[in-house]
Amino acid sequence: NSIGFIWDLCGHSWNEKFDQLCAFKGQSGHCNVSRNDERNKSLGKWVSTQRVSYKKNTLRSDRIQQLNSIGFVWDPQHQSWNEKFKQLCAYKAQNGHSNVSRNDERNEFLGRWVNKQRGLQKRNALSSDRIQQLNSIGFIWAWF
């Protein structure tokens, strides 16, 4: 101990990566490190491993708490869908409908997302929860 010997190498390594993630969040404002980010490839892999371990219920509760404390997102795709849904709700509140055109330059990405939801639903690839959420705001499933 007095010479700095590390008894728990796995724990030390985890804490180092956690510290790197905190620094990444400080710079970027989020914890979603891509595995394809060339500058942060190993951190991106670590983030992915934490999500897999969490889903498998093999991540220690203290580590889950640490990650939660910095706003770690366990399912970025779910979060992204919810953000788009909130944007659609705001669009509907402002425009009185949810038929966002793909050609609407101000809402191009939202228009693409709306059409993607229609396509997923048509192919039975959209979860019933998401269909229910969209139905709750009077979503029109017909293509325009």
Quiz prompt | Hey, Ile140 open to solvent by less than 80 Å² (accessible area, probe 1.4 Å), hydrophobic (A, V, I, L, M, F, W, C) and modelled with pLDDT under 95 or not | solution = yes
Quiz item: Could you list, in sequence order, the residues of the stretch 71-126 that are within 30 Å of Trp46 (Cβ to Cβ), touching a residue at least 40 places away in the same chain (Cβ under 8 Å) and surrounded by fewer than 13 Cβ atoms within 10 Å (Cβ to Cβ)?
Solution: Gly71
Self-check item: Counted residues, the stretch 34-92 - those being touching a Gly at 6+ places or on another chain (Cβ under 9 Å) and among the basic types (Lys, Arg)
Solution: 2
Exercise. Return the only residue of Ser42, Ser34, Ser53 being among the small types (Gly, Ala, Ser), part of a helix (DSSP H, G or I) and open to solvent by 40 Å² or more (accessible area, probe 1.4 Å).
Key: Ser42
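Here is a yes/no grid of residues against (1) under 30 Å from Lys17 (Cα atoms); (2) in a loop (DSSP other than H, G, I, E, B); (3) of a type in the set (Phe, Trp, Tyr); (4) touching an Asp or Glu at 6+ places or on another chain (Cβ under 7 Å):
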| site | (1), (2), (3), (4) |
| --- | --- |
| Arg63 | yes, no, no, no |
| Asn68 | yes, no, no, no |
| Glu83 | yes, no, no, no |
| Lys92 | no, no, no, no |
| Arg106 | no, no, no, no |
| Leu110 | no, no, no, no |
| Leu120 | no, no, no, no |
| Trp141 | no, yes, yes, no |
Quiz item: Under the condition of being of a type in the set (Lys, Arg) and modelled with pLDDT of 95 or more, which residue from the stretch 49-108 is farthest from the chain's Cα centre (by Cα)?
Solution: Lys92
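The values are calculated or read from the model by the stated rules, or taken from the named source; none is laboratory data. This structure is a prediction, so every number in the text was calculated from the model and none was measured. As a convention, Cβ positions derive from the backbone with ideal geometry for all residues, glycine included, and neighbour counts pool all protein chains shown. All accessible areas refer to the heavy atoms of the entire protein, side chains included, with ligands and DNA or RNA removed. Shrake-Rupley method; radii C 1.70, N 1.55, O 1.52, S 1.80 Å.
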